[in-house]
1. Out of all the residues in segment 751-763, which are open to solvent by less than 100 Å² (accessible area, probe 1.4 Å) and part of a helix (DSSP H, G or I)?
2. Residues of segment 262-277 being small (Gly, Ala, Ser) and either closer than 11 Å to THR226 by Cβ or within 58 Å of the chain's Cα centre (by Cα) (or both), which ones?
3. Search segment 847-879 for residues being open to solvent by 40 Å² or more (accessible area, probe 1.4 Å) and acidic (Asp, Glu), and hand back the single one that is farthest from ARG752 (Cα to Cα).
4. One residue is enough: does segment 148-167 have a residue meeting the conditions over 21 Å from CYS116 (Cβ atoms), in a loop (DSSP other than H, G, I, E, B) and either open to solvent by less than 10 Å² (accessible area, probe 1.4 Å) or modelled with pLDDT under 90 (or both)?
5. Scan segment 578-597 and give yes if some residue there is closer than 20 Å to ILE29 by Cα, open to solvent by less than 50 Å² (accessible area, probe 1.4 Å) and not in a helix (DSSP H, G or I), otherwise no.
6. For TRP706, are the conditions met, namely being open to solvent by less than 30 Å² (accessible area, probe 1.4 Å), within 52 Å of the chain's Cα centre (by Cα) and within 24 Å of ASP640 (Cβ to Cβ)?
7. Return the residues of segment 611-659 that are within 12 Å of LEU705 (Cβ to Cβ), outside any helix (DSSP H, G or I) and free of Cβ contacts under 8 Å to residues at least 60 places away in the same chain; say none if nothing qualifies.
8. Of everything in segment 1000-1040 that's touching a strand residue (DSSP E or B) at 6+ places or on another chain (Cβ under 6 Å) and among the β-branched types (Val, Ile, Thr), which residue is surrounded by the fewest Cβ atoms within 10 Å (Cβ to Cβ)?
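The values are calculated or read from the model by the stated rules, or taken from the named source; none is laboratory data. Not measured: the values here are computed from a predicted model. Positions of Cβ are generated from backbone atoms using ideal geometry, with glycine treated the same way; all protein chains shown enter the neighbour counts. Side chains are part of the model used for accessible areas, which takes the heavy atoms of the whole protein and leaves out ligands, DNA and RNA. Shrake-Rupley method; radii C 1.70, N 1.55, O 1.52, S 1.80 Å.
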Amino acid sequence: MSRPATRSKNKRQRQVENDDTTTEILRKIHLTGEITDDDVNQLYMITKPVCQGCRVNTKDNPNCFCGLTPPPNGSRKTGLWQKMSDIIQTLGPDPCKDLRASAHSPAGLTNLGATCYANSILQCLYMNKSFRQGVFSVEPDVLIQHPVVDQLARLFAQLHASRMAFIDSAPFIKTLELDNGVQQDSHEFLTLLFSLLERCLSDSKVLKARTIVQDLFRGSVSHVTTCSKCGKDSEASLNMEDFYELELNVKGLKTLDESLTDYLSIEELHGDNQYFCESCNTRVDASRSIKLRTLPDVLNFQLKRYDFLQKTTSKKKITSVFSFPGKLDMRERLSKPSRVELIYDLSAVLIHKGTATNSGHYIAHIKDENTGKWWEFDDENVSNLGHHPFGEGSSTSNTKSDRTGPVHSSCIGVDGTANGNHLDPVKPQHEEFSGGSHVEMFSSTDAYMLMYNLSCAKKNGGSTMEREGDAVVLHDGISLPSHLCEEIANLNSLYVDACEQFKLKKKRELEHLTASREEVRSVLYEAPVHSVEEPFYWISTDWLHQWADNISPPWLLMSCSVINNASIQCSHGKLPISKAGSVKRLSTEAWTKLFSKYNGGPTFSKDDYCMDCLIDVAHTVVCADGYRDRRKLMKEIADDVLSAKCEDGAYYVSKAWLQQWVKRKNLDAPSEADAGPTMSIRCSHGHLMPEQAAGAKRLLVPEKLWLFFYEDAVTVKPDDRSGCPTFPSDAEDCPECSNALSEVACLEDFRREMKLKQRQNHEKLAMGKSIPLSSNCKYYLLPSSWLSKWRSYISTSSKHNSSMESEILDGIINLLKCEKHLRLLERSPKVAYKRGSFFQKDSSTDRLTIITEHDWECFCEEWGGTKENGISAMIEHSNDLAGCCGDMPTCEQQLNLSNEVNNEIESKQPVIRTCPEVCEECIGERESCELMEKLHYADEEIYVYLVRGKEAPKSILQASQSSEPDRRASKRSRRKNSENLVNLKVSATTSLYQLKMMIWESLGVVKENQILHKGSRIIDQETATLADMNIFPGDKLWVKDSEIHEDRDIADELSDQKMNVENMEEGFRGTLLTSNISSQVV
């Protein structure tokens, strides 16, 4: 740390030396009026050496060109010297990055927010060649009639022949009227899409197109019920039902073979489930099962991974490992075994990532029918998985999979698995297949749907398909209709043009940047002038900075496109000495290069310095030196005045102003702060303000110091002579201001005496002490809030609490009486008997306070009250309440009670009888209104304690029975210093379920484990609101963790809640998938 400090010190020292040299030269010029070449060289810093290696460009050296460009291998954040990659980014997105790797690489689909479920299904359908051909063979008039099919054909055509690496799925999604911000179930989407396509394609005259969905995906089953007595099947068993996928259980099952066996298993009907046999005409035992009648070319298996939990009334995903084969023989699964082989090849695996049932992410692993390679379709990203469904890297093979798309590092696990999908490591990787061959097995924890294609050799119909109109055959033998082919060709042409334009734009930009950098380095290399005798030119440093960092191409009009030296030109048309730090010396060669290209000006050569400005500056500097010396002398005198060492004071100035003046730096000329040395001691009448007034402290200064102050004030504000009034030592205070101050002082003295007298008259009340009470003595009641204000008034300055002086006691008492019955609107305070006297039980919280008759009489005199208007009270026992508001004996008549009477009083319940009586009717109405207001709160705060243990501590129980409505409210829930206390913002309509979710989020206690209390009362009714459960702002609740249910992620609950509220359970309702009409073309 020592070296930088030394450099800084030396730099400051050199700066001081330079300033002293400049001052001496200017003084010489002022005295002699002569300017030599050496003077000009020194003042304009021409003799300074050419600087090299500085970090920044220095202003005090016109020969320094450092810092205008970065080091050879360096760069900057902005301007011409940015990194090339950063500059290219400013040109916009590069369309070439979205170019498909090859014609044989599949394209991805854009995710519009939460449309991964649709993208995965669409990719599975597109990769099926037969289905793709069927869509392409639909006639144009049918496409016009049904926009869904039209957009699907356009989407497939772009996936098939577009040059882009991913295709925008928005037109198709909008045509279906789907909400792209809501996650849906991919299985439900596929089912509804098949139904919609069947309706739309029924208008096609092309046979294969009209029945493509049925031909490829539809099979049939029947539900067979067999009587165990007669052995006959029910009549309904002959009915066959269509299916497009088989829904298989996975809970408790490990393989696809086990799930199929479970699906086709026989269920026995006994007891209450007996079957009524029409042949036997009675209820009998029976068996029921599902029989596979026919199988489609594409066999879809929907794996039921979502299990409904009865305890939590929510769904949970089953993430157990599930195995399935690469080849599947379904011949023995049919109700009547087929004579021909029914061998199915695994063609697609739909995967659901995540643990929540209504969120997560869908991807698809699909096999290319032509190459046999597997591809991972993750929205826009498409990755080559090689010849294994989950990538060759996940198997025991040492061969790495070839990736044509980005591969996320999170996809491959530590154990070689890929997102829970892998070759089964427990079982042998090959199982024996029918005919003695072996089949490869795969397993997954996230597989949601499996697609199997019937082996090509067994398919009927092969690749024969009717086509209407002209068609163009592309790669893979797939034919595109001419109108789609032309459309894709136009799109590809536009895309290729955009790529070429970007390349051209990028090339021009790089050429411009390279040329600009070479120009800057070339000019700056020739810029230094190495001797004083050489000719040179002056140029503005600001313009030079802009030119050296200008990134704009020359064909754009910029401020630095023309040399601009106007900012360094004085009124005489020359280069003034004041701009010596804003210019640089350029060699003739460098100036010629710049001027020939940019022109501009004005041009300043070696001799174009301004002598007139130089002489003026010399005069100013000499005057400033004189003023600085004089001000330094005056500051010494002012220090003596402030330290009371000056005895020849003749004029008054403000003490505060003088203190600030002394603290200011020694300046070359007066400043704005030097005006007004007597402004703060001048009253509104134009006279000397009394020193007792606020801010009017003053000091006497000598005459020569005052004249200096006056001269500076007039110099700063020559037109405002009244701004610096003169007050000699014999000036008198303003009589009007003095009288006003005297009146205020008298009023303050009167208030102090009055407050002191009230503190003496009401000593115990002023100190807040309890007053001992006696039975059958007359007392009075006052509002506790008024007494609190009164205590604050008599103990503080009247400046801050003078509003109470306008209050009249009779008005305060009248507010305690109802207008309807003129009775008391507050209930009597409670008293307790202790140590031979009665005391008010809780004077700090009661609305009324009991005072003595003496206190009441004094208050009446002090605050304008009428004694007869007061609310009197008497302490009696329950058996003494026969009388009414009669004459009440005084306290002096009851002072000699015997011990026997005291014991009798202590055993009885004391009651306060008031005059006038308490009006229960009006109090009840008021309390009802207050309760209604209390029940309609919003965005208020409550407190929740987490208790760890069997019982809650007494401190928490007591706190939960009281509230603090006046505590500071926050704008969000916040955790206290203790991790077991949290503040939550709630409303009266907040449900208990919502409160438990907030507690879950804040304290980490699962909703089902929360045992919520208010005091000793358990609160448990999730549909009830907080108002229903009498929970109000400021209430303190406490919660225990039962630890019965296992912990789980709150995100799952929030996701399920989002899908189940505000009609979110409607799924695809309101979209075209659940409608019988087609949408308009988007």
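1. Hits for segment 751-763 are ARG751, MET754, LYS755, LEU756, GLN758, ARG759, ASN761.
2. SER265
3. In this case the residue turns out to be GLU868.
4. Taking every residue of segment 148-167 in turn, at least one turns out to be over 21 Å from CYS116 (Cβ atoms), in a loop (DSSP other than H, G, I, E, B) and either open to solvent by less than 10 Å² (accessible area, probe 1.4 Å) or modelled with pLDDT under 90 (or both).
5. Checking segment 578-597: not a single residue is closer than 20 Å to ILE29 by Cα, open to solvent by less than 50 Å² (accessible area, probe 1.4 Å) and not in a helix (DSSP H, G or I).
6. No; evaluated as a whole, the condition is false for this residue.
7. CYS646, ASP648, VAL653 - these are the residues of segment 611-659 that are within 12 Å of LEU705 (Cβ to Cβ), outside any helix (DSSP H, G or I) and free of Cβ contacts under 8 Å to residues at least 60 places away in the same chain.
8. This residue is ILE1011.
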